[in-house]
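Working notes, beginning with the structure itself.
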Amino acid sequence: RPRVLSGIQPTAGSFHLGNYLGAVRQWVALQETHDAFYMVVDLHAITVPQDPKELRANTRLAAAQLLAAGLDPDRCTLFVQSHVPEHAQLAWVMNCITGFGEASRMTQFKDKSAKQGADRASVGLFTYPILQVADILLYQAHEVPVGEDQRQHIELTRDLATRFNGRFGDTFTLPKPYILKETAKIYDLQDPAVKMSKSASTPKGLINLLDEPKATAKKVKSAVTDTDTVIRYDVAEKPGVSNLLTIYSVLTGTTVPELEEKYAGKGYGALKTDLAEVMVDFVTPFRERTQQYLDDPETLDSILAKGAEKARAVAAETLAQAYERVGFLPAK
Ligand code: TYM
């Protein structure tokens, strides 16, 4: 079985619809066909300031949501990044073969550090992508299921793996991004020019999966469309409507042309009302399942402990090989 690996940050609290459609949904599907490793990336989370209590709670919350979304600990390996110390260890090695200029070109760092003010951004935020490189290479992943915004980090992973292999001998598998075209980028419901994200200027365009279903329905009904009335998929001319069609299509398994036909001659109101209902039907059981996992932290923690043990077996083998190649003296 080919191997996949991916990760999600715990910081946000609730996952948003972009996280789910862009990534987590694919994680669930890939556990059937791949040897799958998925993690909650708490080491990445502390690249920006975190409240310790909230970080711990959000880490469990993220794991609970992943299980609620359909990850099955019998079919995949689900773990917390800091439970596997090899991530930080390999990251150090990869830091030392990365150029300063190369790291400076990472667009996500540029965006995030601009938001925080360059002087306040941590060195951890700067080396964030290199930790992600280590995450992926440790598991010799063939594919990495993510949204479009992660593509550059996977390209960096390939570059650094190629460099390491060239310098020290074949060690790492070169991973490919696994990005589904339809859901690569889910847009903000109020501003369909930007991706849906926690850092949106208004919460009205952000669908948090754990919000009150009623609030979610309201957000869908007040989504920005355009002054036209025709329901047609056209990202350039009708980004708002196209985004709604994508979401509707993926959540119901109906194709976009089928939806265009269904809503021919009907207004945006009909589309939004129906999509609001689809969304409520999706988030209601999701919230309930998440709560069930949270109500039983012992079971949750034991799933994560088993996951960490399985992950560590793989990660330790790769790290040992990398250490040996680099020329570290083995500890007796
Ligand atoms: P994170 O936590 O920001 O996001 C988790 C996943 O959600 C996807 N995503 C989206 N997809 C489509 N439309 C959107 N609007 C949208 N917003 C978010 C992201 O692309 C991501 O796949 N650096 C990563 C976490 C990470 C990782 C890794 C991923 C750490 N190590 C190793 C893969 C492999 C991140 O911050 O994702």
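Tabulated data for the structure shown
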quantity	calculated
Å² per residue, accessible surface of the stretch 276-332 at 1.4 Å	65 Å²
Carbon and sulfur %, accessible surface of the stretch 204-332 computed with the full protein complex present, 1.4 Å	54 percent
Farthest toward positive dipole pole in the stretch 204-281 [+1 Lys/Arg, -1 Asp/Glu at C-beta], among ALA217, LEU275, TYR263	ALA217
For the chain: relative contact order, % (alpha-carbon pairs under 8 angstrom, 6 or more apart)	22 percent
Estimated dipole of the stretch 101-143 in Debye, rounded to 20 [Cβ of Lys and Arg +1, of Asp and Glu -1, Cα centre]	240 debye
Geometric extent, Cα atoms of the chain - Rg, Dmax (angstrom)	20.8, 76
DSSP beta bridges in the chain [antiparallel fraction, %, rounded to 5]	15 percent
Per residue, in Å², the accessible surface of the stretch 47-138 once ligands and nucleic acids are set aside, probe 1.4 Å	46 Å²
FRET E, pair THR107, ALA270, Förster distance 30 Å, beta-carbon r, rounded to 0.05	0.20
Mean separation of Cα contacts under 8 Å (6+ apart) over length of the stretch 162-303, as relative contact order %	20 percent
Gain on full stretching of the segment that runs from VAL194 to THR255 - 0.36 nm per residue minus C-alpha separation	19.6 nm
Accessible area per residue, Å², the stretch 140-244 with all protein chains present, probe 1.4 Å	50 Å²
19 Å cut-off, amide nitrogen to a point 7 angstrom out along ALA57 Cα→Cβ, residues in the stretch 258-296	287-296
Reachable lysines, given that their alpha-carbon falls under 16 Å from the alpha-carbon of LYS204 and they are not under 8 places away in the same chain	LYS195, LYS214, LYS218, LYS219, LYS221, LYS272
The chain - mean residue ellipticity at 222 nm from DSSP helices (-39,500 (n - 2.57) per run, n ≥ 4, rounded to 500)	-16500 deg cm²/dmol
Sulfur and carbon atoms: percent of accessible area, the stretch 87-180 [1.4 Å]	54 percent
The stretch 101-255: proportion of alpha-carbon pairs further apart than 29 angstrom, %	35 percent
Relative contact order of the stretch 8-107, defined on C-alpha pairs under 8 angstrom at six or more residues apart (%)	37 percent
Difference of contour (0.36 nm per residue) and Cα-Cα distance, ASN95 to ASP74	4.1 nm
Distance between the stretch 284-308 and the stretch 142-174 - C-alpha centres, whole angstrom	32 Å
Part-to-part distance (alpha-carbon centres) for the stretch 51-68 and the stretch 177-193, which is given in Å	24 Å
Top positive-direction residue, dipole computed over the stretch 79-206 with Cβ charges, set PHE172, LEU156, SER199	SER199
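The values are calculated or read from the model by the stated rules, or taken from the named source; none is laboratory data. Note that this is a predicted model, so its numbers are computed, not measured. Every residue, glycine among them, receives a Cβ derived from its backbone with ideal geometry; neighbour counts consider all protein chains shown. Just the protein is used for accessible areas: all its heavy atoms, side chains included, with ligands, DNA and RNA removed. Shrake-Rupley method; radii C 1.70, N 1.55, O 1.52, S 1.80 Å.
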